[in-house]
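Just below is one structure, and these are the notes that go with it.
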Amino acid sequence: MFQIMRIVLICLLALRVFGNDSWMSLDDAHCKARLIVSSQVLGPGHSLRLGLWIKLDEGWHTYWRNPGDSGAGPILDWKLPKGYQATELFYPLPHRITSGSLESIAYENEVLFWLELDIPTWESGNLGAMRTLGLSAEWLVCREECVPAFLETELSLMISDELVPATETEFLAGQESYPYLKGRWESHAGDLLLRLPLEQPGKKIIDLFAYPEVEIEARKPIIENAADTSILRIPNQSLDKFKGGKFLALIEDLKTKKRSGVIYEVSQQEVNIWWMIGFALLGGLLLNLMPCVFPILALKFYGVLQLGKEERREILRSQFLYQAGILFSFWALAAVLILLRNTGSSIGWGFHLQSPLFVSTLILFFFLLGLSFLDVFTINIILPKSGGEYFNKEGAIGHFLTGVLAVVVASPCTAPFMGAAIGYALLQPPWITFLLFTALGLGLGFPYLLFGLFPFLTRFLPPSGPWMIRFKEAMAFALFGTSVWLLYVLASQVNQLAMISVVGCVVVAGFGVWAKRAFKGRIKILILCLSFSLIIGNLYFMVYKASFLELKVEQQEFWQVFSNQSLEMQLSQGQSVFVNFTADWCLSCKANELYTFSSKEVRDYVSSSGLVMMKADWTNRNEEIGRILKKYGRAGVPMYLYYKNGSKKPIILPELLTPEIFLSKIQDKD
């Protein structure tokens, strides 16, 4: 009997509270409002949604928590019973309203501001008692003019373990809260750059709204969406007071066009610039040991041997000229990268070897330089005929150009410590980029600068003699080997016809060198001009044009072709995935593939564990791969990511791998 009476009482209260539509008309403010709840009673241990529902007159709008360039956000003061805990107020997705040069972030037609209230379990001892939920609210309603709206209202609800839905239950239950994700920001050439990971593939960010405490202008950012990350740029943004904070992102599903929201907590990753300078110096020093630099090392070592008996002033001069060539090249490279970066290109270290035309030119150059080492003919600017000519005008230019060559040939290699330094440099203002590239250049030239500053070190080198001629001739074959390696790089970029064309250019170049020695006068000039024309024509029409032809690339069974879609599919199934970001022009990458990924212990482990191995090939320019490299602070390859058991947060492995290091990281061994 008591239970029946309690249910009747609840129904009578419900009729009193919810019997009419409870809309409070605010005519002067061009809107009406209503306080709504998801339940007619307060259930101990349960939650209750409580909201302010506002309907606006046609043509009028009210504002989000951050109103933008004009207006004011709503002020809602909830009056809750003592001991009740409420969540943060939920704001639905706003949109932009533009008026001249001003942008407001607002709502039109209607809006519901709501929160979720947790009913304490101890209220089960107060069944039948009444509790009052009140609200004091103020908001601004605008069209061409603005009118403030005020509302004071309250509801009385009974404590009951018999839950009774309200008429707005489904409406309130359909309001979705926003997931939270982490993002990071950085300063980029005077712009603010936000890197925001997407919750899942198949979606994109279409707008972004900063919370009021974030000191930033309200204008819409420039958005570049990738498969798993969005990069948002706000141009000419003053960052003096910007410290990060919360942003609401407007997300659109690519298929259904349905819109949702994500809240990003954006912070800056603190990086000590002195550590980066140290990494750049050490990376430049270790670059001397990379195999792609070996031919130029041989050329420079040959020059150092010739310097043994020269005056200290001349030795120092030669090494400073070599260092100047290195620094000039690094500065030029930094300038090009900054320029391309500002145009929005995904580009990084070794980018020039993604050009088949440039690779073809290098093939020819190293072939001709090798012939010069064999004394078939002499390139006086780079390689003097004898030590006596080493300091003439051509020798001085030769020292400088040797430094230039060292950088050009070294650029496809990434030494340890270089990846982090360059990745950081390419995201900083230009002066920091130039500073770090200067450190790289100083590191690369440091061993030879030592010979200039301390000439007595040349005493520890072998004495000059006839063996130097044989040494120089032997190095010619290292240069020919470099041409062969570059042919291998080119084979991944162009079709067979273009490859044959480049080899034909090498033959024509050799014919021209022979003609230079065999003929004189007009016949020699005619043959050289004809050879030069054939080479230029072939390079342009057969390589530059053919490089755009689609190639059929055969993948080994060991590797799957990388794409963001395939990666997401594997991770959604809980698979462990290893992604190898590589390129055919990266010798460090090829060394790791030869000695680590081809080793029996690694292949046996992959076969037995079911680890998915993916290869992201950056031999040719690929914007998707370029964006992923940027996302993880890298400007070039190699980069290795390991996703364990479907985790979205990968482990970054070292750039130089051995089977032991690879297996220890994958198997979580110390």
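Below, the figures for the structure above:
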quantity: Failed condition for Pro201, given (1) in a loop (DSSP other than H, G, I, E, B); (2) at pLDDT 80 or above; (3) surrounded by 14 or more Cβ atoms within 10 Å (Cβ to Cβ); calculated: (2)
quantity: Test: Arg603 is open to solvent by 40 Å² or more (accessible area, probe 1.4 Å) and assigned to a loop (DSSP other than H, G, I, E, B); calculated: no
quantity: Residue that is surrounded by the most Cβ atoms within 10 Å (Cβ to Cβ) [pool: residues in segment 418-451 that are in a helix (DSSP H, G or I) and modelled with pLDDT under 70]; calculated: Gly419
quantity: Pick from segment 142-157, criterion farther than 18 Å from Ala33 by Cα and among the acidic types (Asp, Glu), ranking: modelled with the highest pLDDT; calculated: Glu145
quantity: Failed criterion for Glu217 (all others in (1) at pLDDT below 85; (2) outside any loop (DSSP other than H, G, I, E, B) hold); calculated: (2)
quantity: In segment 479-526, the residues that are among the polar types (S, T, N, Q), in a helix (DSSP H, G or I) and under 16 Å from Trp585 (Cα atoms); calculated: Thr482, Ser483
quantity: Within segment 121-139, considering residues that are modelled with pLDDT of 90 or more and buried (at least 19 other Cβ atoms within 10 Å of the Cβ), the one farthest from Asp161 (Cα to Cα); calculated: Trp139
quantity: Residues (outside any strand (DSSP E or B), at pLDDT 80 or above and surrounded by fewer than 17 Cβ atoms within 10 Å (Cβ to Cβ)) located in segment 221-253; calculated: Gly244
quantity: Selected residue (criterion: modelled with the lowest pLDDT) from residues of segment 323-352 that are buried (at least 21 other Cβ atoms within 10 Å of the Cβ) and β-branched (Val, Ile, Thr); calculated: Ile347
quantity: Residue within segment 113-120 that is surrounded by fewer than 18 Cβ atoms within 10 Å (Cβ to Cβ) and under 30 Å from Lys220 (Cβ atoms) present; calculated: yes
quantity: Close pairs (7 angstrom Cβ cut-off, 6 or more residues apart or separate chains): on the phi < 0 side of the Ramachandran plot and basic (Lys, Arg) in segment 632-661, modelled with pLDDT of 90 or more and part of a loop (DSSP other than H, G, I, E, B) anywhere; calculated: Lys644/Ser576
quantity: Residues of segment 35-81 satisfying the condition of being under 22 Å from Leu248 (Cα atoms) and touching a helix residue (DSSP H, G or I) at 6+ places or on another chain (Cβ under 7 Å); calculated: Arg49, Gly51
quantity: Cross-chain or 6+ apart pairs with Cβ under 6 Å, segment 433-457 first and among the aromatic types (Phe, Trp, Tyr), then at pLDDT 90 or above; calculated: none
quantity: Number of the exception - Thr62 against (1) at pLDDT 90 or above; (2) open to solvent by 50 Å² or more (accessible area, probe 1.4 Å); calculated: (2)
quantity: Matching residues in segment 89-122 - criterion: being out of contact with any Lys or Arg (no Cβ under 8 Å at 6 or more places or on another chain) and among the charged types (D, E, K, R); calculated: Glu108, Asp118
quantity: Leading residue by the ranking (farthest from Leu287 (Cα to Cα)) among those in segment 579-588 that are of a type outside the set (A, V, I, L, M, F, W, C) and at pLDDT 85 or above; calculated: Asn580
quantity: Some residue of segment 567-585 being over 24 Å from Lys203 (Cβ atoms), more than 22 Å from the chain's Cα centre (by Cα) and part of a helix (DSSP H, G or I); calculated: no
quantity: Search result, residues across segment 603-638 that are under 14 Å from Leu567 (Cβ atoms) and of a type in the set (A, V, I, L, M, F, W, C); calculated: Leu611, Val612, Met613, Met614, Ala616, Ile625, Ile628
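Yes or no, residue by residue, for (1) at pLDDT 90 or above; (2) within 28 Å of Pro356 (Cβ to Cβ):
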residue	(1), (2)
Glu554	no, yes
Gln573	no, no
Val577	yes, no
Phe597	no, yes
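Every residue, every condition in (1) farther than 14 Å from Phe358 by Cα; (2) surrounded by fewer than 16 Cβ atoms within 10 Å (Cβ to Cβ), yes or no:
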site: Ala476; (1), (2): yes, no
site: Leu479; (1), (2): yes, no
site: Leu487; (1), (2): no, no
site: Gln493; (1), (2): no, no
site: Ile500; (1), (2): yes, yes
site: Gly512; (1), (2): yes, no
site: Ala518; (1), (2): yes, yes
site: Gly521; (1), (2): yes, yes
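Results for (1) modelled with pLDDT under 70; (2) in a loop (DSSP other than H, G, I, E, B); (3) under 23 Å from His95 (Cβ atoms); (4) among the hydrophobic types (A, V, I, L, M, F, W, C), shown as yes or no for each residue.
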position	(1), (2), (3), (4)
Thr256	no, yes, yes, no
Ser260	no, no, yes, no
Ser267	no, no, no, no
Pro295	yes, no, no, no
Phe301	yes, no, no, yes
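The values are calculated or read from the model by the stated rules, or taken from the named source; none is laboratory data. Just so you know, these numbers come straight off a predicted model, no measurement behind them. Backbone-built Cβ (ideal geometry, glycine too); neighbour counts: all protein chains shown. Note: accessible area is taken over every heavy atom of the protein model, side chains too, but ligands, DNA and RNA are not part of it. Shrake-Rupley method; radii C 1.70, N 1.55, O 1.52, S 1.80 Å.
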